[in-house]
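What follows draws every value from the coordinates through simple rules; no lab data is involved. Note that the coordinates shown come from a computational prediction; the quantities given were computed from them, not determined experimentally. Every residue, glycine among them, receives a Cβ derived from its backbone with ideal geometry; neighbour counts consider all protein chains shown.
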Ligand SMILES: [Zn+2]
C-alpha cells in the first residue's frame, strides 16, 4: 500500500537537501578563497541529488561573468541535456547579483537558496529586485538566509585578510 508523504516530512526533506547543497557551496567557496578568489560557491540539485558544484573563478579565468552561479547553471545544463532547468534548486553562499538572478530566471530554475545578503549588488531586494520581480513571467521560490552566518564570515575573513589587518 502506498503511503502518502506528509507535507511536514516533505518540507523537512527539502530543508535537509538545502543544507546539503549549502554545505557543498560553502566548501567550494572556501576552496576558491584559498586560490585568491572572492570566496563564493554554488551548488545545484535535481531530483534530490547534487548535479553541479562550482565556485567563483573570475580571477583565474579573467572573466567577469565567471560567477559561481553562472558556472553551476552551465554545468547543470550539461548534466540535464539542455538549458531548461525546471526542477532545479540552486544554492549559493551570497545573494545573487543581477546577472546571476537574470540567468536563473532565463534557465527557469525552480528554487534559489542563498546564504548572506549582499548590500552592494544583491538582486533579491538588497539593491536590485530581479530575483522576485513581480513583473517576471517565471517565478522562482527564494529561500534566503540559509547558513548566512558561515557564508558571510567567509567573505568578511577574506576581505580582512586582503587588507592585511592584524589590528
Ligand atoms: Zn553573480
| field | Calculated FRET efficiency for the pair residue 50/residue 156, C-beta based, R₀ 41 Å, to 0.05 | value | 0.95
| Gained length - residue 74 relative to residue 31, 0.36 nm times residue gap less alpha-carbon distance | 13.5 nm
| task | Kindly express, to the nearest 10 degrees and within the range 0 to 90, the angle between helix 148-163's C-alpha long axis and the longest C-alpha principal axis of the chain. | result | 20
| task | Using packing as a proxy for protection, rank 64-72, 36-44 so that the peptide with the highest average count of other Cβ atoms within 10 Å comes first. | result | 36-44, 64-72
| field | For the range 79-167, radius of gyration divided by Kirkwood radius, i.e. Rg to Rh on alpha-carbons | value | 1.06
| request: Run through all the Cα pairs of the range 88-135 and give the fraction in each 5 Å bin from 0, expressed as whole percent. | output: 5, 25, 35, 26, 8, 0
| Residues of the range 67-96 with amide nitrogen under 13 Å from the 7 Å Cα-to-Cβ point of residue 20? | 89
| said: On C-alpha positions alone, give me the angle between the axis of helix 98-107 and the longest principal axis of the chain, in degrees, nearest 10. | reply: 30
| query | With contacts defined as alpha carbon pairs under 8 Å and 6 or more residues apart, what's the relative contact order of the chain in percent? | reply | 18
| field | Tilt relative to the chain, helix 68-80 - C-alpha long axis, 0 to 90 degrees, to 10 | value | 40
| said: Placing one identical point scatterer on every Cα of the chain and ignoring solvent, what is log10 I(q)/I(0) from the Debye formula at q = 0.19 Å⁻¹? | reply: -1.21
| query | Which FRET efficiency value, to the nearest 0.05, do you get for residue 59 and residue 10 by plugging their Cβ-Cβ distance into 1/(1 + (r/R0)^6) with R0 = 41 Å? | reply | 0.50
| request: With all distinct Cα pairs included, what does the Kirkwood hydrodynamic radius of the range 61-107 come out to in Å, to one decimal, could you say? | output: 11.1
